[in-house]
Structure formats: structure tokens, C-alpha cells
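Report on the following structure.
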Amino acid sequence: AKQHGRQVTRYFDPVIEAQINQHGQIERALALALSADQLRLYYQPIVDMERKVLGYEALLRWSHPELGMVGPDLFIAVAEQSGLIVPMGEWVIAMACQQLVAFQKCPVLAEQTIAVNLSARQLAQADLVDNIKRMLQSSGAPANRLKLEITESMLLTDIDKTREKLQELTRLGIRFSLDDFGTGYSSLSYLKKLPLSQLKIDQSFVRELLTDPVDAAIVKTILQLAKSLGLSVIAEGVELEGQRKVLADMGCREFQGYLFGKPNPLE
Ligand code: C2E
Ligand code: CA
Ligand code: CA
Ligand code: CA
């Protein structure tokens, strides 16, 4: 509620009301998107020092009949709040599994991985492990080519349960990356508690790497930390050759960003 000058407190602020309406509209349209086959996966390459593609991150898009291709920033939060993210996230994993199966027909592609973003709601699902097992089995996708990206902020709930789930999925061959590393809370204790194989340096640190000594120091420290823990590192948001060079000099071996390729349909 907001104070409007001498008026009494208004509980139906027109701006907030419009937002709630919009929220409801997006939610209804999004439910339809799932059943009407309007979701798409775009794939962004992850490369090594020689720019060889190691794999892809799968990124969700909504092919809206009027708005065109809509990015996740406009709908992930709504999907998360409404719970729609759970079936949507399952769809993403199922599609990634299908793609991995298709990769197996070509020797070059067979080595490549697909990384999928997991949402907090998905991670909290009691049947997450069973669902992923089922999708791997029914598709025949190689589990050791599937990677799951989790963020620090989604781990705040029940760390022991989370660890159990991650351990069980790790036993299947799935690997975990800690996404947006350095932007969340108490990340260092997660490094100790969870079976992670990789850190992804958030693009906010890469953006000003060349001009801001603080960002450079943070990136350097993350790389040293990862090295001593035996974790690999992907630098995200690499747009300039100068950034790639500095990252490589600091010991980073995997890169993702517009310099190498934007997210695109796999074709
Ligand atoms: P994220 O996981 O951190 O994904 C990386 C984002 O950075 C992507 O934005 C990608 O397009 C963008 N990006 C990559 N390279 C560059 C670069 O060089 N410069 C700049 N400026 N940006 C770059 P996108 O595709 O809009 O996705 C935004 C976020 O939406 C993702 O951030 C992720 O948190 C979420 N998201 C995307 N797909 C899914 C999904 O299937 N499930 C869930 N739960 N979340 C998803
Ligand atoms: Ca990610
Ligand atoms: Ca990220
Ligand atoms: Ca991000």
C-alpha cells in the first residue's frame, strides 16, 4: 500500500495492480506455451583454449505468437513463482537428453556436453532424481554428457537434502556446475559440502576485467581457489579477445560468451 498525499492508504495501487494483472497474463500465456509447443532451446557454445567446442549451455526461449522470441528474463521469475518452472524444467532436460542422443551419431559431437539450468523449485522437488533417471533411461542419453547448473542462491533451503540429491545424480554420471559464482551467499561452504565439478565465473566479473582491478583480483582468486579444489572453471560473458587473453593468462581453460557464439538454435 502506498500513501497518496492526503488521501488514505490505497490498497489497490494502480501500478501494482497493473503489475499483478500483467503477472497473471504472463502466467496464463506461459501455461499455454508449454502445451502449445512454444518453448525453444537455444544453445551457446563453451570452448577451450583452441576455441574447440566442448559443449553447450541450453538456454530457454519462448516463441510467442505475437511478441516473437522472448528471453528468459521476462518469464523465468513468473514460472518460478507459479511452479510452472517444474514442468518447464523437465521439458528442458528431456529436450537436452534427445539432443545428446542425436549427438551420439556423430563422433565429433558425441564428446560434447549439454548443460542445463536447474531452478530452485526443481531442486526442491522430492522426485527430481527419479524424474531425471527416468528421462535418461527412456531417451538413452549418456548421463556423463549431461551437466546441471545450479546457483548459490537456490541452495539456501535444505543443504543436506540437496547434497543427497546431487550425490545420487553424480553417481549416475551427471556433473554439476555452480553458476554465477561469486554473486551469491556463503559460496565457500557449498564448495565443501556439494559434489561440484565446476565453477562458472559470473559475467559481471568478466565485464570489467580489463578496467577494474577489483574484478581482476576476484577472478584471479576464484581461479586459484578452483585449482586448489580440483574444480574446472568456465568464464562467462567473454566478449573481447582481450578478456579471453587475460583469463587464459590467469589459468582459465574454458570460455563462454559472444566472442565465441551467441545462443542459437542448434541447426
Ligand atoms: P545464465 O544461466 O547465467 O545464462 C547466461 C546468460 O548470459 C544467457 O542469457 C546468455 O545469453 C547470456 N550471455 C552469454 N554470453 C554473453 C556475453 O558474452 N555477453 C552478454 N551480455 N550476455 C551473454 P539468457 O539466455 O537471456 O538467460 C538468462 C538467464 O535465464 C540464465 O542466466 C538463467 O539463469 C535463466 N535461464 C535460461 N534458461 C533457463 C532454463 O532452462 N531454466 C532455468 N531455470 N533458468 C534458465
Ligand atoms: Ca547458467
Ligand atoms: Ca551464469
Ligand atoms: Ca546469470
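Results, tabulated for the structure shown:
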read-out: Kirkwood-type radius of the chain, with distances r between different C-alpha atoms, in Å; value: 20.0 Å
read-out: Additional length obtainable on full extension of the chain from residue 15 to residue 81, 0.36 nm per residue less Cα span; value: 21.8 nm
read-out: Positive-end residue of 113, 188, 178, charge dipole of region 89-196 with Cβ unit charges; value: 113
read-out: Residues residue 172 and residue 204, FRET efficiency given R0 of 35 Å [Cβ-Cβ distance, rounded to 0.05]; value: 0.60
read-out: Hits among lysines - C-alpha to C-alpha of residue 220 under 26 Å, sequence gap 8 or more where chains match; value: 52, 147, 192, 193, 200, 245, 262
read-out: The chain, helix-only ellipticity at 222 nm - DSSP H runs n ≥ 4, -39,500 (n - 2.57), divided by all residues, nearest 500; value: -13500 deg cm²/dmol
read-out: Per-residue Cβ neighbour rank within 10 angstrom, fewest leading, 246, 238; value: 246, 238
read-out: Estimated vicinal HN-Hα couplings, Hz - region 157-174 in sequence order (Karplus 6.51, -1.76, 1.60; Gly, Pro = x); value: 5, 10, 5, 5, 5, 4, 4, 4, 4, 5, 5, 5, 5, 5, 4, 6, x, 6
read-out: Cα centre as origin, Lys/Arg/Asp/Glu Cβ charges: region 81-165 dipole, Debye; value: 240 debye
read-out: For residue 54, residues with placed amide H under 5 Å, excluding near neighbours; value: 46, 47, 48
read-out: Volume per residue that the Cα convex hull of region 109-184 spans, once the total is divided by residue count, Å³; value: 87 Å³
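None of the figures in this text is laboratory data; all of them are computed from the coordinates on show. Computed from a prediction, not measured in an experiment: that's the story for all the values here. For neighbour counting, all protein chains shown are included, and Cβ atoms are generated from backbone atoms with ideal geometry for every residue, glycine included.
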